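Q: Encoded as structure tokens, here's the structure I'll be asking about.
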Amino acid sequence: MARKYGIDLTSQRARKFTVNDFDAFDLIYAMDASNFQNILALARNEEDEQKVQMILNEVDSNLDNSVPDPYYGGNDGFENVYQMLDEACIIIANKINKL
């Protein structure tokens, strides 16, 4: 799906979230409620907790919607998830650009 939109993911690799990520990042986005809870479980304090957000809250504030698993979305599952995340990322980028 990324290639369809001119995005090269070949050098990217997933890794496990660690407690040190709270020091490395100002904001931490979770894709679903399970990941959100797992990240919060590693938080050392309220400051760490405040960094964690559901990514789709960028689109629909405080609804805490999870990004659906694209494998269960039928023929359009990956396209739909891409569009959801693209919209959220555009909002995030616009916020950063205003800083």
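The values are calculated or read from the model by the stated rules, or taken from the named source; none is laboratory data. Small disclaimer: the values here were computed from a predicted structure and weren't measured. Glycine gets a Cβ as well: all are built from the backbone with ideal geometry, and neighbour counts include every protein chain shown. Just the protein is used for accessible areas: all its heavy atoms, side chains included, with ligands, DNA and RNA removed. Shrake-Rupley method; radii C 1.70, N 1.55, O 1.52, S 1.80 Å.
Q: Do you know which of the residues in the stretch 81-99 that are among the polar types (S, T, N, Q) and more than 15 Å from the chain's Cα centre (by Cα) is surrounded by the most Cβ atoms within 10 Å (Cβ to Cβ)?
A: 94
Q: With the requirement that a residue be of a type in the set (Phe, Trp, Tyr) and surrounded by 13 or more Cβ atoms within 10 Å (Cβ to Cβ), what does the stretch 25-50 give you?
A: Those that are of a type in the set (Phe, Trp, Tyr) and surrounded by 13 or more Cβ atoms within 10 Å (Cβ to Cβ): 29, 36.
Q: Tell me whether the stretch 51-59 contains one or more residues that are open to solvent by 70 Å² or more (accessible area, probe 1.4 Å) and either among the hydrophobic types (A, V, I, L, M, F, W, C) or touching a helix residue (DSSP H, G or I) at 6+ places or on another chain (Cβ under 6 Å) (or both).
A: The answer is no, given that none of the residues of the stretch 51-59 is open to solvent by 70 Å² or more (accessible area, probe 1.4 Å) and either among the hydrophobic types (A, V, I, L, M, F, W, C) or touching a helix residue (DSSP H, G or I) at 6+ places or on another chain (Cβ under 6 Å) (or both).
Q: Can you pull out every residue in the stretch 3-25 that is in a loop (DSSP other than H, G, I, E, B) and touching a residue at least 12 places away in the same chain (Cβ under 8 Å)?
A: 17, 18, 19, 25
To keep it simple, each residue is scored yes or no on (1) under 23 Å from residue 94 (Cβ atoms); (2) among the acidic types (Asp, Glu).
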residue: 16; (1), (2): no, no
residue: 26; (1), (2): yes, yes
residue: 29; (1), (2): yes, no
residue: 32; (1), (2): no, yes
residue: 35; (1), (2): no, no
residue: 40; (1), (2): no, no
residue: 43; (1), (2): no, no
residue: 57; (1), (2): yes, no
residue: 60; (1), (2): yes, yes
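Q: Among the residues of the stretch 49-99, write down those that are assigned to a loop (DSSP other than H, G, I, E, B), without any contact (Cβ under 8 Å) to a residue 12 or more places away in the chain and hydrophobic (A, V, I, L, M, F, W, C).
A: Once the filter is applied, which keeps residues that are assigned to a loop (DSSP other than H, G, I, E, B), without any contact (Cβ under 8 Å) to a residue 12 or more places away in the chain and hydrophobic (A, V, I, L, M, F, W, C), the stretch 49-99 yields 63, 99.
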